[in-house]
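Structure, as C-alpha cells:
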Ligand SMILES: CC(C)(COP(=O)(O)OP(=O)(O)OC[C@H]1O[C@@H](n2cnc3c(N)ncnc32)[C@H](O)[C@@H]1OP(=O)(O)O)[C@@H](O)C(=O)NCCC(=O)NCCS
C-alpha cells in the first residue's frame, strides 16, 4: 500500500541532476577503458538523486532498461551523467540518463550511453510512497513521458509472455528442433 499523498506536482527541471566525475586509472579495465560497471554505478547514483528529489522520499532501484554502451570512456575523461524524470506512475518513476564523456585537451565530447532506471519511492517503514505528478513543460518532455509509458506497457506484455513460457516449459522434441541450428551441443547426463 502506498503511504503518502502529494497533491502538487513538480516540473522536470525541479529534479534534473547532472553528476560529473573524473575517470581515474582505478576505474579502467585491462584494455585501458573505463569499466561498464563503474558507469552503471554512477548511473544508479544519479538516478537515485534525481528520483528522490522528485519523490521527496528515498527511492530504490527496481529495474534498468536499455543499457547500450555506444562508445568507451577513457581515463582522464570528464564523464557527465545528465538525469531527469521522464515518467511517474503511482509509486514508481522512470529516470532517463544520458552519459557523455569529455576529453578536455581535445575538447571532444562523446555520447557513451543512455539508459532508463525505474525507481520506487519508499517512506518510513519501507512502505511504497505515492510520487507527485510530473509537470510537463515542453513537447520533448511530453514525448519522453509517452515513450516511457509505451515501454512500461510493452514490458508488462513481454514479462507476462515470459512468465507463461517459463510455467509451460518442458524439454521435448520441439525444444530440440528449436535449438537445432544454435551453437550448442546437447550431451545429456542421465
Ligand atoms: C521494488 C519493490 C518496492 C516492488 O514492490 P511490490 O510490492 O512488488 O510493488 P508493485 O508490484 O506494486 O510495484 C511497485 C511499482 O514498481 C513498478 N515495478 C515493479 N517491478 C518492476 C519492474 N521489474 N520494472 C519496472 N517497474 C516495476 C510497478 O509497475 C509499480 O509502479 P507504479 O506504482 O508506478 O504503478 C520491491 O520489489 C523491492 O523493494 N525490491 C527491492 C529493491 C531494491 O532493493 N533495489 C536495490 C537493488 S540493489
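The values are calculated or read from the model by the stated rules, or taken from the named source; none is laboratory data. Quick caveat: nothing in here was measured; it's all calculated off a predicted structure. As a convention, Cβ positions derive from the backbone with ideal geometry for all residues, glycine included, and neighbour counts pool all protein chains shown.
Things to note:
For every residue, the table says whether it meets (1) modelled with pLDDT of 95 or more; (2) in a loop (DSSP other than H, G, I, E, B); (3) touching a strand residue (DSSP E or B) at 6+ places or on another chain (Cβ under 8 Å).
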position	(1), (2), (3)
1	no, yes, yes
5	no, yes, no
19	yes, no, yes
26	yes, no, no
31	no, yes, no
39	yes, no, yes
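- With respect to being under 16 Å from residue 63 (Cβ atoms), surrounded by 11 or more Cβ atoms within 10 Å (Cβ to Cβ), in contact (Cβ under 8 Å) with a residue 60 or more places away in the chain and in contact with a helix residue (DSSP H, G or I) (Cβ under 8 Å, 6 or more places away or on another chain), residue 99 falls outside the description.
- Among the residues making up region 125-157, those that are out of contact with any strand residue (DSSP E or B) (no Cβ under 9 Å at 6 or more places or on another chain) and more than 11 Å from the ligand (Cβ to nearest atom) are 125, 138, 139, 140, 142, 143, 150, 154, 157.
- Residue within region 128-140 that is under 25 Å from residue 39 (Cβ atoms) and part of a helix (DSSP H, G or I) present: yes
- Filtered residues of region 41-73 (kept if within 12 Å of the ligand (Cβ to nearest atom), within 26 Å of residue 154 (Cα to Cα) and not in a helix (DSSP H, G or I)): 59, 60, 61, 62, 63, 64, 65
- Here 81, 93 are screened, and the one residue that is within 13 Å of residue 112 (Cβ to Cβ) and not in a loop (DSSP other than H, G, I, E, B) is 81.
- Residue match in region 46-53 (condition: surrounded by 21 or more Cβ atoms within 10 Å (Cβ to Cβ), at negative phi, in contact (Cβ under 8 Å) with a residue 24 or more places away in the chain and more than 11 Å from the chain's Cα centre (by Cα)): yes
- For region 74-95, filtered to residues that are free of Cβ contacts under 8 Å to residues at least 60 places away in the same chain and closer than 14 Å to residue 52 by Cα, the residue that is nearest to the ligand (Cβ to nearest atom) is 92.
- Exactly one residue among 182, 140 is surrounded by fewer than 10 Cβ atoms within 10 Å (Cβ to Cβ) and at pLDDT 95 or above, and that residue is 182.
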